[in-house]
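J.: Pasting a structure below so you can have a look.
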Amino acid sequence: MARAAVPGRLKAPLTWQAARLVGLRDETPSARTLVFDVPGWSGHLAGQHVDVRLTAEDGYSTQRSYSLASAPDGDRFELTVQRVPDGEVSPYLADVMEIGDLVEIRGPVGGWFVWRPAEIRPVLLVGGGSGIAPLMAMIRTRRSLGSHTPFRLIYSVRTPEDRYYASELRTPQPGDGGLEVTHLYTRHTPEGWPRPAKRLQLADLQTHGWPPEFEPVCFVCGPTGFVETAAAQLVALGHDPRQIRTERFGPTGG
Ligand SMILES: Cc1cc2nc3c(=O)[nH]c(=O)nc-3n(C[C@H](O)[C@H](O)[C@H](O)COP(=O)(O)OP(=O)(O)OC[C@H]3O[C@@H](n4cnc5c(N)ncnc54)[C@H](O)[C@@H]3O)c2cc1C
């Protein structure tokens, strides 16, 4: 039987490509967005990630995965990197890199944790900390395509200072009609905030998510513990486990 053609933009090039840093933006005191230019970049789907490889002068090299945070935009894409204290790679990306510096990237990678704009089912995005990055790519892709698919985002962070993309999510942008955003805080809240600081609860998903009868597709991303808790809560609420797509960023940080 003939195999279906794989769209070019889903196919990760097997080779590493040079990516030049062309822009920087602080998101929080410990995270920043890096804008890269990759001549001939194949484009990406919202939710995919790239592998980033760093090589030292003595030839030692190491690589990590980072989600694409931007909507497809020609040869450019954005990553948002949270500095992990004592980490090998993230402090270099989040603190040291300067405009004009090069890294190697490989990708885009991933075909499951992906929002395809042709899907018209409601979308629930549940993010913890830096796990907002691929969810933001979905929001930005929806906006850039003028999609009317209903989106709800539930975003859990420790404090108001830890919110990524704060002004973009606070002020609805043109094309954001039908996007509802809820922030949850786990350590301290803005003054007068109605919900006390605590971790994600079943009631948060019940109040701010979609009812299971709406058959939403759910994307959950963040630290491992956060993702496992949120996914279990969604199942407990009656969501179809097959429609819960998860991406785990790391072992700690809940
Ligand atoms: C598919 C995928 C997409 C990802 N996308 C992003 C992204 O968009 N932005 C982003 O900032 N990170 C992202 N990550 C996490 C990233 O790949 C690295 O794991 C992270 O940057 C830490 O790397 P490091 O070299 O600095 O730390 P390491 O040297 O690998 O680890 C140092 C210490 O920190 C712990 N640790 C490792 N990773 C984490 C973590 N994520 N949280 C808390 N503790 C950790 C380790 O157990 C170790 O004790 C993604 C991971 C995956 C698998």
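J.: Looking at L179, L145, L169, L202, can you tell me which residue is within 26 Å of P29 (Cα to Cα) and surrounded by 14 or more Cβ atoms within 10 Å (Cβ to Cβ)?
T.: Among L179, L145, L169, L202, only L169 is within 26 Å of P29 (Cα to Cα) and surrounded by 14 or more Cβ atoms within 10 Å (Cβ to Cβ).
J.: Does any residue in segment 199-219 that is part of a loop (DSSP other than H, G, I, E, B) come within less than 9 Å, Cβ to Cβ, of a residue that is surrounded by fewer than 16 Cβ atoms within 10 Å (Cβ to Cβ) and small (G, A, S) six or more places away or on a different chain, and which pairs are these?
T.: P211/G238
J.: So in segment 123-169, with the set limited to residues that are within 16 Å of the ligand (Cβ to nearest atom) and of a type in the set (V, I, T), which one is nearest to the chain's Cα centre (by Cα)?
T.: Only one residue tops the list, namely I132.
J.: A further question on this structure: Please go through (1) free of Cβ contacts under 8 Å to residues at least 40 places away in the same chain; (2) surrounded by 15 or more Cβ atoms within 10 Å (Cβ to Cβ); (3) more than 8 Å from the ligand (Cβ to nearest atom) for I120 and return the number of the only condition it doesn't satisfy.
T.: So I120 meets the others, but not (2).
For every residue, the table says whether it meets (1) small (G, A, S); (2) assigned to a loop (DSSP other than H, G, I, E, B); (3) at pLDDT below 95.
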residue: R3; (1), (2), (3): no, yes, yes
residue: R9; (1), (2), (3): no, no, yes
residue: T15; (1), (2), (3): no, yes, yes
residue: L21; (1), (2), (3): no, no, no
residue: L24; (1), (2), (3): no, no, no
residue: L34; (1), (2), (3): no, no, no
residue: G40; (1), (2), (3): yes, yes, yes
residue: H44; (1), (2), (3): no, yes, no
residue: V52; (1), (2), (3): no, no, no
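J.: Does G192 meet the test of being free of Cβ contacts under 8 Å to residues at least 24 places away in the same chain and of a type outside the set (S, T, Y)?
T.: Taking the combined requirement at face value, the residue satisfies it.
J.: Give me the residue from segment 74-103 that is out of contact with any Leu (no Cβ under 8 Å at 6 or more places or on another chain) and of a type in the set (D, E) and, out of that set, farthest from Y60 (Cα to Cα).
T.: Within segment 74-103, the match that is farthest from Y60 (Cα to Cα) is D75.
J.: Assuming L184 fulfils every condition listed in (1) in contact with a helix residue (DSSP H, G or I) (Cβ under 9 Å, 6 or more places away or on another chain); (2) part of a loop (DSSP other than H, G, I, E, B) apart from one, which condition is it?
T.: All conditions pass for L184, except number (2).
J.: Are there any pairs, at least 6 apart or on different chains, whose C-beta atoms fall under 9 Å, with the first in segment 124-135 and within 17 Å of T207 (Cα to Cα) and in contact (Cβ under 8 Å) with a residue 60 or more places away in the chain and the second within 11 Å of the ligand (Cβ to nearest atom) and assigned to a strand (DSSP E or B), and if so, which?
T.: Correct list of pairs: L125/C221; V126/C221; V126/G222; G127/C221; G127/G222.
Condition check ((1) on the phi < 0 side of the Ramachandran plot; (2) surrounded by 19 or more Cβ atoms within 10 Å (Cβ to Cβ)) across all residues:
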residue	(1), (2)
A56	yes, no
Y66	yes, yes
D75	yes, no
P85	yes, no
E88	yes, no
I99	yes, no
G107	no, yes
G129	no, yes
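Listed here are the residues, each with its yes/no results for (1) modelled with pLDDT of 95 or more; (2) near the ligand (Cβ under 7 Å from one of its atoms); (3) assigned by TED's automatic domain parsing to the domain that holds R142; (4) more than 20 Å from F219 (Cβ to Cβ).
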{"position": "G47", "(1), (2), (3), (4)": "yes, no, no, no"}
{"position": "R64", "(1), (2), (3), (4)": "yes, yes, no, yes"}
{"position": "R76", "(1), (2), (3), (4)": "yes, no, no, yes"}
{"position": "L79", "(1), (2), (3), (4)": "yes, yes, no, no"}
{"position": "P85", "(1), (2), (3), (4)": "no, no, no, yes"}
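J.: Can we say L234 is touching a residue at least 40 places away in the same chain (Cβ under 8 Å), buried (at least 16 other Cβ atoms within 10 Å of the Cβ) and either more than 26 Å from S65 (Cβ to Cβ) or in the same structural domain as T33 (by TED's automatic domain parsing) (or both)?
T.: It is false that L234 is touching a residue at least 40 places away in the same chain (Cβ under 8 Å), buried (at least 16 other Cβ atoms within 10 Å of the Cβ) and either more than 26 Å from S65 (Cβ to Cβ) or in the same structural domain as T33 (by TED's automatic domain parsing) (or both).
The values are calculated or read from the model by the stated rules, or taken from the named source; none is laboratory data. Just so it is clear, the structure is predicted and the values come from calculations on it, not from any experiment. We place every Cβ from the backbone using ideal geometry, glycine too, and count neighbours over all the protein chains shown.
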